Amino acid sequence: MTAAAAPPVLIDGPASAGTTCVLAHGAGAAMDSPFMVFFAQGLAAGGVRVVRFEFPYMAERRRTGRRRPPDRTAVLLEAWRTAVADLDPHRTVVGGKSLGGRMASMIADEIGARGFVCLGYPFHPPNAPEKTRIDHLRDLRTRALFLQGARDVFGGRDEVDRYPLSPAIRVHWLADGDHSFRPRRASGRSERENLDEALAAATAFIGALGRDREAPGDKPVREDRS
């Protein structure tokens, strides 16, 4: 017997929540990966309604079992617009893992989102630090939290701290973390510690968005987590 197809979206948290957080997956793992489940369920436990969706290429992979590369940027952005079309932007936080978060950052200002949370941003391809993906981040107006592993091959602390990012962006560094926040054993830090820290930071950030109406430029760009 084959497993039932997953629904087009997955929803966690109370329908009556004051804030809805919409999360998109990364390039290689679906919306129900352990990483996405951890953050969706964790944010929901804090009173946030969390909606996860899949881009067309990933939904097709789920239907057919065949791997395929991500859709063109225009298709990914349209999927994002569709995912948030019926939501109140003033009560909506957008974000996601890597590719999903990058696409969310490209529509956050457009839709007037309340905030943006990225679970590991791909600032550049691995081993190609000269090919940065930050042009639109220079002028981002949406208040944003970037949760980033300090040794992420898509953009570690030694690189990102030099980028001319918008003052609306705050970067929270996860000690010795990789692109999924996993530290090396020799660091003395555990993966669960980094995940818990990232979840706590995201929960606090979203909670603050719901409590105040500060202007986007009022937050520091980088947070020292040495």
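Taking the fewest neighbouring Cβ atoms within 10 Å as the starting point, the ordered list for 36, 106 is 106, 36. Most tightly packed first, judged by the mean number of other beta-carbon atoms within 10 Å of their residues, the peptides 23-34, 159-170 read 23-34, 159-170. Have a look at the DSSP beta bridges in the chain and tell me what percent are antiparallel, nearest 5. Around 15 percent antiparallel, to the nearest 5.
Considering the chain as a Gaussian network with a 10 Å cut-off on Cα pairs, which listed residue, 157, 52, 67, attains the greatest mean-square fluctuation? Largest GNM mean-square fluctuation: 67.
Stokes-Einstein at 37 °C, 0.692 mPa s, Kirkwood radius from Cα pairs: D for the chain in µm² s⁻¹? In µm²/s, the coefficient rounds to 187.
Any read-out appearing in this document is the output of simple, stated calculations on the displayed coordinates, not a laboratory observation. On a predicted model such as this, the values are computed, not experimentally measured, just so you know. Counting neighbours? That spans all protein chains shown, and the Cβs are built from the backbone with ideal geometry, glycine included.
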